[in-house]
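J.: After the structure tokens below, expect a handful of questions from me.
The values are calculated or read from the model by the stated rules, or taken from the named source; none is laboratory data. Just so you know, these numbers come straight off a predicted model, no measurement behind them. Note that each Cβ is placed from the backbone with ideal geometry, even for glycine, and that neighbours are counted across all protein chains shown. All accessible areas refer to the heavy atoms of the entire protein, side chains included, with ligands and DNA or RNA removed. Shrake-Rupley method; radii C 1.70, N 1.55, O 1.52, S 1.80 Å.
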Amino acid sequence: MENAAILKPLIAGNWKMNKTLASARELADAIRAGCENITNVDVLICPPAQLLFPMAKAIAGSRIMLGAQNGHEAASGAYTGEISVEMIKDTGATHVIIGHSERRQLFGEMSDRLSKKVRAAATGGLNVIFCVGETLADRDGGQTTKVIDQQFDEVIAKEIPADRLTIAYEPVWAIGTGRTATPAQAQEVHAQLRSKLIKTYGASEGDKIRILYGGSVKPDNAEALLREADIDGALVGGACLVASDFLSIIRAAVTAKA
Ligand code: PGA
């Protein structure tokens, strides 16, 4: 099922564990200057947690939005090293990424935990970018559809407010590898996710939930990916650390969805 409606694209930068204060300010300032006149794309930056407050200041008064890369499900307490939904909101951030494959693979976050995190964040007033994606072994074994179904079904349900939800399809084999899914490969999974969103939320709400593609999105492949009907934006890793590359991807979204 393809989405006939064109949604306003969202280009999100996942800074991962990169940048310290000075270089983060430089990057934010350059992004801010470069997208001053772009109104038809939503722009989000997700710096590491310690940079949320200063980056909120750096983008204040601009259209750039701020997000965290992770958030804990508990309101407060003895959770060394974690950050709560309220703390994220306290910085001025409006978004949080949950279930990134690095959290799943390197930090052992499984669906039961992710389910709690998505619910805590969405009901606590954050916009959630929930990531799904298959490994290379899954894809080579013909398991992509099954894995995506499972990752979605184990976490997403109607009680999560649709207007707080964004899905990101990030094939694990394409993250940080320079290997991108072809637009057709990505669209196939996005169409699957669109059907699942419609089944969960009904057509009018399910069609409005953005589905981002992530995995080696670069200035030279962004437009072709974003031209696909159900690719409503991008979650960008490596290329978001260089302002000119991130801005090129933002401009590609303008062109692709014009
Ligand atoms: P990448 O990362 O663009 O460096 O592949 C994407 C992501 O992990 O969100």
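J.: Determine the dipole magnitude for region 1-104: charges of +1 sit on the beta-carbon of Lys and Arg, -1 on that of Asp and Glu, nothing else is charged, the reference point is the Cα centre, and the result goes in debye to the nearest 20.
T.: Using only the charged Cβ atoms, the result is roughly 160 debye.
J.: Ok, one more. Can you return the aspartates and glutamates within cross-link range of Lys257? Criterion is Cα-Cα under 19 Å, with same-chain partners fewer than 8 residues away left out.
T.: Output for Lys257: Glu2, Glu36, Asp42, Glu188, Asp207, Asp220, Glu223, Glu228, Asp230, Asp232, Asp245.
J.: Among the listed pairs Lys19/Lys208; Lys16/Lys196; Lys117/Lys208; Lys158/Lys218; Lys8/Lys199; Lys57/Lys218, which have their C-alpha atoms separated by more than 31 angstrom in this model?
T.: Lys19/Lys208; Lys158/Lys218
J.: For all pairs of alpha-carbon atoms in the chain, what percent lies in each bin of width 10 Å, listed from the first bin to the last filled one?
T.: Over the chain, the share of Cα pairs per 10 Å bin runs 7, 33, 39, 19, 2 percent.
J.: Of Tyr213, Tyr201, Tyr169, which has the largest mean-square fluctuation in a 10 Å C-alpha GNM of the chain?
T.: Tyr201
J.: Could you work out the relative contact order of the chain? I mean the mean sequence separation of Cα pairs under 8 Å and 6+ apart, divided by the number of residues, in percent.
T.: Once divided by the residue count of the chain, the mean separation gives 22 percent.
J.: Assign unit charges at the C-beta atoms only (+1 for Lys and Arg, -1 for Asp and Glu), then state the dipole size of region 1-56 relative to its Cα centre in Debye, rounded to the nearest 20.
T.: Roughly 180 debye for region 1-56.
J.: Charges only on Cβ, +1 for Lys and Arg, -1 for Asp and Glu: so what's the dipole of the chain about the Cα centre, in debye to the nearest 20?
T.: The dipole of the chain has a size of about 380 debye.
J.: Here is a follow-up. Quick one: pull the percent of accessible area on region 29-183 belonging to carbon and sulfur, 1.4 Å probe, ligands and nucleic acids left out.
T.: Carbon plus sulfur share of accessible area: 51 percent.
J.: Accessible area per residue for region 103-185 in Å², computed with a 1.4 Å probe and the full protein assembly in place, what is it?
T.: 45 Å²
J.: Grab the DSSP H runs of the chain that are 4 residues or longer, score each as -39,500 (n - 2.57), total them, divide by all residues and round the 222 nm result to the nearest 500 deg cm²/dmol.
T.: Value at 222 nm, helices only: -11500 deg cm²/dmol.
J.: Let me ask you something else. With a/c under 1.5 counting as rounded, go ahead and sort region 1-124 into rounded, prolate or oblate using the C-alpha gyration tensor (a ≥ b ≥ c being the square roots of the eigenvalues; past the cut-off, prolate if a/b is larger than b/c, else oblate).
T.: In terms of gyration-tensor shape, oblate.
J.: Could you work out how far the C-alpha centroid of region 2-39 sits from that of region 205-258, in angstrom?
T.: A separation of 11 Å, based on Cα centres.
J.: Normalise the Debye intensity by I(0) for region 63-107, one equal point scatterer per Cα, no solvent, then take log10 at q = 0.14 Å⁻¹ and round to two decimals.
T.: Computed log10 I(q)/I(0) values: -0.36.
J.: Shifting gears a bit: Taking a cut-off of 28 Å, what percent of all Cα-Cα pairs in region 109-258 are separated by more than that?
T.: 17 percent
J.: Students sometimes get this wrong: rank Met55, Met17, Met65, Met87 by accessible area, probe 1.4 Å, all chains present, largest first.
T.: Solvent-accessible surface, decreasing: Met17, Met87, Met65, Met55.
J.: While we're here: Note down the accessible area of Ile129, probe 1.4 Å, to the nearest 10 Å².
T.: Near enough 0 Å² of accessible area.
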